[in-house]
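**Student:** Can you read through this structure? Questions will come right after.
The values are calculated or read from the model by the stated rules, or taken from the named source; none is laboratory data. Because the structure is a prediction, the values reported are computed rather than measured. With ideal geometry, Cβ positions are generated from the backbone for all residues, glycine too; neighbour counts draw on all protein chains shown. Accessible surface areas use protein heavy atoms only, side chains included; no ligands, DNA or RNA. Shrake-Rupley method; radii C 1.70, N 1.55, O 1.52, S 1.80 Å.
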Amino acid sequence: SGWPQLREGYLRWLADHEAAGAQFAQAEQDRQHSLVLAQGEVLLVGKLDRIDHAPTPEGHGATLVIDYKTEDNNKTKARVAEGTEDTQLAFYAALMQEGGAAQPLRAAYVNVGERGETKIHEAPDVALLRDLLLAGIRQDFDRIAQGAPLPALGEGSICDWCAARGLCRKDFWDAGR
């Protein structure tokens with residue numbers, strides 16, 4: 001029953017997005033990036049929802065990576081406000097490095113709301129967030145290579161959906177206490 005509102009809200013957002021100069025480039029793109037480490041390489045792999053060509057606020061051309069969200073809009077808004085806590089857009093920015101991006105890079109979540117409210121939430125300075133994420137991955141792999149144990153994160157509701165839940169054994173963390 002909510003589909004007509006959702007559709008109309010998205011189409012309004014899309015019309016405004018395109019009127020601002022954005023042009024669709026690609027969708028559902030499998031991407032990968034080889035991250036060179038001191039002890040070898042790690043292959044980062046992901047699928048990007050949408051890639052557009054869109055101007056920056058200064059009017060220059062940029063590549064805009066978009067990830068669609070259907071969650072509560074406040075949750076999506078909080079994702080970009082948290083900076084380095086949410087790594088999805090930074091990870092997608094890393095995937096865009098393969099082949100060398102000729103244009104500046106932007107990244108945003110587009111929250112498609114059930115009540116017809118579609119909103120875009122852009123990550124500020126996604127290139128910096130990407131660089132911090134890649135530095136953190138390199139640091140973690142260096143620590144692993146040196147034999148340091150790494151604690152499992154297991155934070156929040158993400159554990160309910162994690163495919164590696166049995167690997168980290170989160171359900172048994174407090175069993176010995």
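**Student:** Considering region 20-38 alone, what residues qualify as being over 13 Å from residue 66 (Cα atoms) and open to solvent by 90 Å² or more (accessible area, probe 1.4 Å)? Lay out the reasoning, then the answer.
**Tutor:** Step one: of region 20-38, the residues over 13 Å from residue 66 (Cα atoms) are 20-21, 30-38.
The answer is 30, 32, 36, 38.
**Student:** Another question, then. May I ask you to list the residues in region 1-53 that are closer than 16 Å to residue 91 by Cβ and hydroxyl-bearing (Ser, Thr, Tyr)?
**Tutor:** Result: 34, single match.
**Student:** Taking only region 71-102 into account, find how many residues are farther than 16 Å from residue 45 by Cβ and modelled with pLDDT under 85.
**Tutor:** The qualifying residues number 7.
**Student:** Looking only at region 72-98, count how many residues are under 13 Å from residue 127 (Cα atoms), surrounded by 13 or more Cβ atoms within 10 Å (Cβ to Cβ) and in contact (Cβ under 8 Å) with a residue 24 or more places away in the chain.
**Tutor:** Final tally of qualifying residues: 11.
**Student:** Take the residues in region 118-152 that are touching a strand residue (DSSP E or B) at 6+ places or on another chain (Cβ under 7 Å) and open to solvent by 80 Å² or more (accessible area, probe 1.4 Å); name whichever of them is nearest to residue 41 (Cα to Cα).
**Tutor:** Selected residue: 138.
**Student:** If residue 5 satisfies every condition in (1) part of a strand (DSSP E or B); (2) open to solvent by 60 Å² or more (accessible area, probe 1.4 Å) but one, which is the exception?
**Tutor:** Condition (1) is where residue 5 drops out.
**Student:** Let me ask something else about it. I'm trying to understand the selection: among the residues of region 122-150, which are assigned to a helix (DSSP H, G or I) and in contact (Cβ under 8 Å) with a residue 12 or more places away in the chain? Explain how you work it out, then say what you get.
**Tutor:** First pass over region 122-150, keeping only residues assigned to a helix (DSSP H, G or I): 126-145.
Within region 122-150, 126, 127, 129, 130, 132, 133, 134, 137, 138, 141, 142, 145 qualify.
**Student:** Test of understanding: among 68, 10, 109, which residue is more than 22 Å from residue 136 (Cα to Cα) and open to solvent by less than 30 Å² (accessible area, probe 1.4 Å)?
**Tutor:** On the way: 68 fails: open to solvent by less than 30 Å² (accessible area, probe 1.4 Å); 10 fails: open to solvent by less than 30 Å² (accessible area, probe 1.4 Å).
When all the criteria are applied, what remains is 109.
**Student:** Then there is this: Taking the stated definitions as given, is residue 30 charged (D, E, K, R), at negative phi and either at pLDDT below 95 or in contact with a Cys (Cβ under 7 Å, 6 or more places away or on another chain) (or both)? Give the derivation first.
**Tutor:** Details: charged (D, E, K, R): yes; at negative phi: yes; either at pLDDT below 95 or in contact with a Cys (Cβ under 7 Å, 6 or more places away or on another chain) (or both): yes.
Answer is yes for this residue.
**Student:** Is it the case that region 56-67 has a residue that's among the charged types (D, E, K, R) and within 20 Å of residue 125 (Cβ to Cβ)? Don't jump to the end; show me each part of the working.
**Tutor:** We begin by selecting, within region 56-67, every residue among the charged types (D, E, K, R); these are 58, 67.
Of the ones still in play, those that are also within 20 Å of residue 125 (Cβ to Cβ) are 58, 67.
Yes, that holds for at least one residue.
**Student:** Starting from residues that are surrounded by fewer than 16 Cβ atoms within 10 Å (Cβ to Cβ) and among the β-branched types (Val, Ile, Thr), keep the ones in region 43-60 and report whichever is farthest from residue 107 (Cα to Cα).
**Tutor:** Among residues in region 43-60 that are surrounded by fewer than 16 Cβ atoms within 10 Å (Cβ to Cβ) and among the β-branched types (Val, Ile, Thr), the one farthest from residue 107 (Cα to Cα) is 45.
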